[in-house]
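Right, one structure below, let's go through it.
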């Protein structure tokens, strides 16, 4: 196996509920695609993976299933997760690569052993020879160049698609962490429900996502934002267009945002006092796609009385950390939280 390892390509995989990002050693971030797959139920044929599959959400006929195989950061459809990984790995450098590749994969910090094994099995089944796991907050902190190996607290809040990971890290490990099923997808659900209740209009997830990105905000702003949205009138069943304002979206997501801020407060309350002092001095770091929601950093800062910093390029924070591990594996191997699962070689 050592001979094979010399020629194998090493990768980092941020297998998220919303997006899958892959870092190839020596090349950098080379794949950034939605974690979505479209399948023809009649033939079993895979029709689209990634961006193409995302375009089919709420637009496909009944015989086509558009599947998100990860729910709240956990593999819910093992076979489809494996197919997505196979598809992406096959792009990299053919069958030789994905027969002998090594992968470092980020996972939520609170996964059970069974859930961790499902991620490892999907990676091995997709073609990797070895699969190492690292907790997402560790990768995010590393990607933001925080001093995680020193006896200093680094607090990370990673707001992803399905989950929000909150963790306090010190001396190369997670001291205390929480995982919430409140993140980007929950904000979308809140918006869909609000539009339905307030305007009696049915909209789909893609429209809710556009609303959130375009005018979504947490704190009241002097600038008044609004946008027109189209959907189905629940009374008549006919098409209808309405105008929504950022203040209304603020109301729609306020409960979820409040729960997230409360979780941050609870995490700090449960942390050792010395680490809390470090957090007050160094601040809290926000990353993940959900951290781009206008004003969420200021809201958390207001609630926990500690400066809250939105990291640069928050969407790629985790994969940057995985890339650092892949590029200098011996240096960072101690950050991995499990022995690698390896492909069984039959002779």
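Every number here is computed from the coordinates shown, using simple stated rules; none is lab data. Bear in mind that the values here come from a model prediction, so they are computed numbers and not experimental data. Methodologically, a virtual Cβ is constructed for each residue, glycine included, from the backbone with ideal geometry; neighbour enumeration extends over all protein chains shown.
Numerical summary
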read-out	value
Separation of alpha-carbon centers, the range 8-82 and the range 126-143, rounded to whole Å	18 Å
Beta bridge orientation in the chain: antiparallel %, DSSP, nearest 5	70 percent
For the chain, calculated [θ]222 nm from helices alone, where every DSSP H run of n ≥ 4 adds -39500 (n - 2.57)	-12500 deg cm²/dmol
Listed values (1) -0.31, -0.76, -0.89, -1.26; (2) -0.44, -0.96, -1.08, -1.31; (3) -0.29, -0.76, -0.91, -1.48, entry calculated as log10 I(q)/I(0) by the Debye sum over Cα atoms at q = 0.07, 0.11, 0.12, 0.15 Å⁻¹	(1)
Spin-label pair residue 115/residue 43, simplified geometry with 7 Å Cα→Cβ offset, distance in nm	3.7 nm
Candidates 11, 171, 249: whichever shows maximal mean-square fluctuation once the chain is modelled as a Gaussian network with Cα springs under 10 Å	171
The range 179-221: C-alpha gyration tensor shape, a/c 1.5 cut-off, then a/b vs b/c	oblate
Sorted peptide list for 136-142, 33-39, criterion being average Cβ within 10 angstrom, highest first	136-142, 33-39
Residue among 279, 325, 213 with the largest mean-square fluctuation in a Gaussian network model of the chain, springs linking Cα atoms under 10 Å	213
Cα gyration tensor, the range 23-118 - rounded (a/c under 1.5), prolate or oblate	oblate
Relative contact order (%) - criterion: Cα under 8 Å, at least six apart; region: the range 146-275	20 percent
For the range 248-307 versus the range 162-205, the gap between their alpha-carbon centres in whole angstrom	13 Å
The range 56-173 shape via C-alpha gyration tensor axes, a/c threshold 1.5	oblate
